[in-house]
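The values are calculated or read from the model by the stated rules, or taken from the named source; none is laboratory data. Treat the numbers as computed from the prediction; the structure is a model and nothing was measured. Here the Cβ positions follow ideal geometry from the backbone for every residue, glycine too, while neighbour counts run over all protein chains shown.
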Amino acid sequence: MSSIKLKVSRVKENKGTFEDLKVWQKSRELNSLIYNLGTFENHIKDYAFVDQLRRACLSISTNIAEGYERQTTKELIRFLFIARGSAGEVRSLLYVAKDLNYINENTFDGILENVTEVSKMIYGFIKYLESI
């Protein structure tokens, strides 16, 4: 049984936790990347920008968790769409950070790759849930 099918069956049977979801685990890693950017702490004085980026990033994992805990496929899908929107917000803010020289190209590329992967995972999960 595929990992996604197993996780979905656990949702329907009220087994497992959101912590079991690979997409949640990956979004948690993304949170760490954003929060551990030394560049923010040392060079960026635009605290509102940093706060917005961090909140958008946190919104990804928290919406996945909240949707999973609702224990209906319909609600999970709704919260996954919200999480995916937050992933788009993070990507947009990363471009701003790069354009304003808040982060360097390597940092931008690494985080962009991670958030894009999370967004694709969320989309794949949504499509799977819609098909069952």
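Quick notes on this one:
- Only listed residue being at pLDDT below 95 and either touching a strand residue (DSSP E or B) at 6+ places or on another chain (Cβ under 8 Å) or not in a helix (DSSP H, G or I) (or both), chosen from 106, 101: 101
- Residue tally, condition within 18 Å of residue 60 (Cβ to Cβ) and surrounded by fewer than 15 Cβ atoms within 10 Å (Cβ to Cβ), over region 97-115: 2
- Within region 71-96, the set of residues being surrounded by fewer than 14 Cβ atoms within 10 Å (Cβ to Cβ) and charged (D, E, K, R) comprises 74 only.
- Scanning region 77-132 for residues that are in contact with a Leu (Cβ under 8 Å, 6 or more places away or on another chain) and more than 14 Å from residue 34 (Cβ to Cβ) returns 77, 80, 122, 125, 126, 129.
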